[in-house]
1. Under a 1.4 angstrom probe, counting protein chains only, how are Phe218, Phe244, Phe302 ranked by accessible area, largest first?
2. Check Ile78: other-chain or 5+ apart residues with amide H under 5 Å from its amide H, H built from backbone geometry?
3. Asp220 to Asp281: extension gain in nm, 0.36 nm per residue of separation minus the Cα-Cα distance?
4. Would you grab the residues whose amide H sits under 5 Å from the one on Leu112? Only those 5+ places off in sequence or on another chain, please, with H modelled 1.01 Å from N.
5. Dipole magnitude of the stretch 65-201 about its Cα centre, charges +1 at Lys/Arg Cβ and -1 at Asp/Glu Cβ only, in debye to the nearest 20?
6. Residue-wise, which Karplus ³J(HN,Hα) couplings in Hz belong to the stretch 208-213, taking 6.51 cos²θ - 1.76 cosθ + 1.60, θ = phi - 60°, and x for glycine or proline?
7. Work out from phi, with θ = phi - 60° and the Karplus expression 6.51 cos²θ - 1.76 cosθ + 1.60, the ³J(HN,Hα) of each residue of the stretch 103-112, listed in order in whole Hz, and give x for Gly and Pro.
8. Determine ³J(HN,Hα), in whole Hz, for all residues of the stretch 366-377 in sequence, where each value follows from phi through the Karplus function 6.51 cos²θ - 1.76 cosθ + 1.60 and θ = phi - 60°; x replaces Gly and Pro.
Amino acid sequence: MSKIPPWLASPKVVLALTTAVAVVGALVGTSMHHTPAKPEYAAGLPSDALTVDAYDCGANWTSAKPGKQNLLIANTGIQTTEVYLVDPDSGAIYGEIVGLAAGTSDQMPVVLGAGIYALRCWPADADPVTGPPVRVSASASGSMAGATTPGVLPVSREDLTAPVKAYQAYVEGGLAQLKPLVQKLQTDIAAGDLDAARTDWVPAHQQYERLGGAYDAFGDLGDAIDGLPNDLPGGVGDSGFGGFHRIEYGLWHGQSAAQLAGPAGDLVASVDKLATEFPGDQIDPLQLGLRTHEILEDAVRFELSGQSDQGSGTTLATVEANIDGTQSLLGILRPVLTPRDPDLPRIDAALTRLRALVQAQHHADGSWTPLTRLTTAQREALNSAAGGAVELLAPVATICEPRLDKS
């Protein structure tokens, strides 16, 4: 996506962007020769900024006041660096500037309460450096003593080893359950029993949606399995339109079994290929947190907007499956998130509320209320609940982002 989504600019997410770094011990000295900044890098930088480079990280920061503020940081060195405001004892992070280029400055928004802070710099291709500790005292009234930007302990790749393995097993198990469901769908179509195919399409599609295939998670195979015709030149008639939604379109638009036999066979083949290839994929730990947020964000973007419905009217069945997938990934990440995300109980409550609203539209005969038949109040309640859950989930990606080992 080329544009920054609105949630990324929210204060909560700005604070959450302070969470993705593995902390090493503070360096108290170095035997390496200190290369001074080139004049062209230091020229024109703000004179009142806290200065950083590969060897001195905020050495000119000697005092600080409590409260909401923007720390002005200038990179006087010759290397791009990441700059963090940390608790020098615990390593908890309170603020971050990512990729501060040589000869540039930027602001770090923070709220400082009483405590001890330090700047930690992580230059490209170099070891991290921690600056001198700075003590912040409470204001005279004492009102700032507890008003601090929440600090979050950074996550290492080792922290995510077990969750990545659990996620791998989750998807592999889900694909094993998906294979017989799409085979049953193919069998229905081959037999010309399109009523049975319409019934069996829903649970098969739900099972795929539980796996978290949002935002190209499964690459080209994901498009082949669950792609939409929206951006295809020929729309629903385009030869590149296939997978679940191609079959959905045909089943609910009067196409014959003969017309659907090819797409059904292609769907089975794509699922088989994904089930074969996925166990050998190397999962980037960064994707785990991203996917936990993106599943539901994708549901808001395509399901609750009505873009994905190709005639079945079962959009809310898909949303229910998306909630299942989100909660499954949250369960996998819970050991990492519990000590780091104070909003975790609110996330759980938001997903429970959203599920109740969705399930209220699932009827005793197995049918689902189409989005177009919801009342205005029902639609607004769903949109509000989904949007609120997505906002709460947004920081999960950065909380769980590991820092690559630069040692």
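1. Details: Phe218 20, Phe244 0, Phe302 45 Å².
Reading off the accessible areas and sorting them downward yields Phe302, Phe218, Phe244.
2. Amide H neighbours of Ile78, under 5 Å, 5+ apart: Ala54.
3. Details: separation 61, 0.36 × 61 = 21.96 nm, distance 1.39 nm.
Fully extending the segment from Asp220 to Asp281 adds 20.6 nm.
4. Amide H to amide H, under 5 Å and 5 or more residues apart or across chains, Leu112 pairs with Gly67, Lys68, Gln69, Thr149.
5. Dipole of the stretch 65-201, to the nearest 20 debye: 440 debye.
6. Those phi angles translate into 5, 5, 5, 7, x, x Hz.
7. Once rounded to whole Hz, the list reads x, 10, 9, 7, 9, 10, x, 9, 10, 9.
8. x, 7, 10, 6, x, 4, 5, 9, 6, 6, 4, 5
The values are calculated or read from the model by the stated rules, or taken from the named source; none is laboratory data. Predicted, not measured: the structure shown is a model, and the values here were computed from it. Glycine also receives a Cβ, built like all others from the backbone with ideal geometry; neighbour counts cover every protein chain displayed. Calculation scope for accessible area: heavy atoms of the full protein, side chains included, ligands and nucleic acids excluded. Shrake-Rupley method; radii C 1.70, N 1.55, O 1.52, S 1.80 Å.
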